[in-house]
Amino acid sequence: MAKKVCDFCLEEYGGLFSGVTQLDDGHLICKNCRKKLEEYGLPVKYDLFQLAIIAEPSMREMILSDYLEHHAAEDAIAKYFPLTTMLVHQGEHVVNVRKASITVDPSLIPSSSAAARICDITRKDIINLYDAQNGTAVEGSLYETDAALYFLSDHFINVHRLSNMVRNHEDHNAIHVLEHGHEFTYATPHTDLFYLRDTFHRLAVTARENKKQNLIYLSSENTMTLTPGIYNVPKNVRPGTYWVNPVDKANLSIRDASGRTRSVTKGQVHLDEGSTLEVTGQYQLRINQRNDNNQ
């Protein structure tokens, strides 16, 4: 009997009771992948986040970037980040919505009702109750927008800068925030999916905003400048060794062909085929190190 291959994990299965079933669109899925998607609360279908969450963690961002290579960023944002019923401040867009809870000191919880809509939140409405041992678990809704992280409960509201989220935390059952010397732990399962959506939104917005920008070559044949965007080697940049330097307050992130990511500030880097560069601001790449005779 011919073996069947799961289209999600690409494992082969044989026999009458292999556990591989066919979806409505014709793709095959094994029982293990189906179970994982159900645990994450994802629809059991062949789609971007389903494939990414099944893949090895080191391969996930590569899958997201590859999707944007073949789909318009505007379409990706409309499909995966549609408008929600939650009204937000002008210019804000919702990236993630989660049920969550935080354990706080009950004596600090106001008795009055809190604002129920993000658009109604002002500075005076923000309480920011932090973790408390032997406290009371308060349930609420966690909203991540492209401007802030909000926790809305019946009687208090917490608001955090996105930069204060601890994105590399090993705990995948909570969103951790460190802010003003306090810890905020929002219990919610499978936070790797939360951050996967966060990453994809960032990549899609960057691609959308910079779709018309390309490499800008300076007058010297030795130097080129990368404007904000995502670049592939060798499609946009030739493989080789470069001296890199930020032009302004820029960041340069390099992901190699195996999915390993590293951030570069300045200095010498080697770019292999299959690597991807993500640039914020502007970065100069020089074939030779800058000196008085070689600009």
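Rounded, prolate or oblate, given the Cα gyration tensor of region 237-293, with a/c below 1.5 counting as rounded? Before the final figure, lay out the partial values.
Working: a/c = 2.40, a/b = 1.35, b/c = 1.78.
Note, shape of region 237-293 comes out oblate.
Based only on Cα atoms, what Rg/Rh ratio does region 115-195 have, Rh being taken as Kirkwood's radius? Numbers along the way, then the final one.
Working: Rg = 12.3 Å, Rh = 13.2 Å.
Across region 115-195, the Cα-based Rg/Rh ratio is 0.93.
Placing unit charges on C-beta atoms (Lys and Arg positive, Asp and Glu negative, everything else neutral), compute the dipole magnitude of the chain about its Cα centre in debye, rounded to 20.
On the way: 30 positive and 37 negative charges, 102 e Å.
It comes to approximately 500 debye.
Helix-only arithmetic for the chain: the sum of -39500 (n - 2.57) across DSSP H runs with n ≥ 4, divided by the residue total, places the mean residue ellipticity at 222 nm at -6000 deg cm²/dmol.
Accessible surface of region 1-61, 1.4 Å probe: 51 percent of it comes from carbon and sulfur atoms. By accessible area, using a 1.4 Å probe on protein heavy atoms only, region 104-254 has 48% of its surface on carbon and sulfur. At a probe radius of 1.4 angstrom, the accessible area of the chain per residue rounds to 57 square angstrom. When Rg and the Kirkwood radius Rh are both evaluated on Cα atoms of the chain, their ratio Rg/Rh stands at 1.04.
The values are calculated or read from the model by the stated rules, or taken from the named source; none is laboratory data. Here the structure is a predicted model, which means the values were calculated and not measured. Please note: Cβ atoms are built from the backbone with ideal geometry, for glycine as well, and neighbour counts cover all protein chains shown. Accessible surface is based on the protein model in full, side chains and every heavy atom, while ligands, DNA and RNA are left aside. Shrake-Rupley method; radii C 1.70, N 1.55, O 1.52, S 1.80 Å.
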